[in-house]
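Have a look at the structure below before the remarks.
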Amino acid sequence: MILPIVAYGSPVLKKKAAPIDKDYPKLEELLDNMFETMYNAHGVGLAAPQIGLPIRIFLVDASPFADDEELTAEEQASLETFKKVFINAEILEETGEEWAFTEGCLSIPDVREDVFRKETIKIKYLDENFEPHTEEYSGLIARVIQHEYDHIEGVLFTDKLSSLKKRLIKGKLTNISKGKINAEYRMKFPLAKKGR
Ligand code: NI
């Protein structure tokens, strides 16, 4: 089932999400719905707060990045098959140089800006079977994970922009909160007038 994606300005997006345990009701169905919602919106990642749930779950499918011809065959192959569920994730370490990449977010349609993040992360998480993993990622995969991880910490990529950039996009962000935007997928706007 495709779920509505909550838009910029929704309080749930600013909240630090809580861990879940093995008994979380209908987890499998929730994960299926989240994947369906993400693919429907052509996203490479989706976090539970974006569908209104303040819990520590996010999904990543990096395969759309594999088309980039500037990547090595090895890099393409690792992106192509990267599809994972992260439950109760914790970033243990971020290392390397900061680099800029143009990010977007399904909760903030039509806004794309360069964000600086460190190159490499070490992350601890549970998969969909509650098996624990500790892994290291670099480059684009690390980038998507860092963006989604921020969501479960209540942080949006727009929070990381310079104050000048923030001022420049303020009007656009307000319009998104009000639903004055043409999103190509189902959304829920915190400040939309009733009856729209
Ligand atoms: Ni996002």
With the charge dipole of the chain built from beta-carbon charges (+1 for Lys and Arg, -1 for Asp and Glu) about the Cα centre, the Cα from 52, 82, 134 projecting farthest to the positive end belongs to 52
On full extension of the chain, what length is gained from residue 170 through residue 40, given 0.36 nm per residue of separation minus the C-alpha to C-alpha distance? 44.1 nm
Under the rule a/c < 1.5 gives rounded, and otherwise a/b versus b/c splits prolate from oblate, where does region 101-196 land using the Cα gyration tensor? oblate
Global geometry of region 1-155, whether rounded, prolate or oblate, following the gyration tensor of its Cα atoms and the 1.5 cut on a/c: rounded
Which number gives the lysine pairs in region 1-83 that have C-alpha atoms under 23 Å apart and are eight or more places apart or on different chains? 4
So for the pair residue 28, residue 102, with labels modelled 7 Å out along Cα→Cβ, what separation do we get in nm? 4.1
Under the rule rounded for a/c under 1.5, else prolate if a/b exceeds b/c, else oblate, using alpha carbon gyration tensor axes a ≥ b ≥ c, region 1-45 is classed as oblate
Charge dipole (debye, nearest 20) of region 57-196; +1 at Cβ of Lys and Arg, -1 at Cβ of Asp and Glu: 1720
Spacing of the two label points (7 Å from each Cα toward its C-beta) at residue 116 and residue 73, in nm: 3.7
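Taken together, the values in this text are just the output of simple stated rules run on the coordinates, not laboratory data. None of the values given here were measured: they were computed from a predicted structure. So basically every Cβ, Gly included, is an ideal-geometry build from the backbone, and we count neighbours across all protein chains shown.
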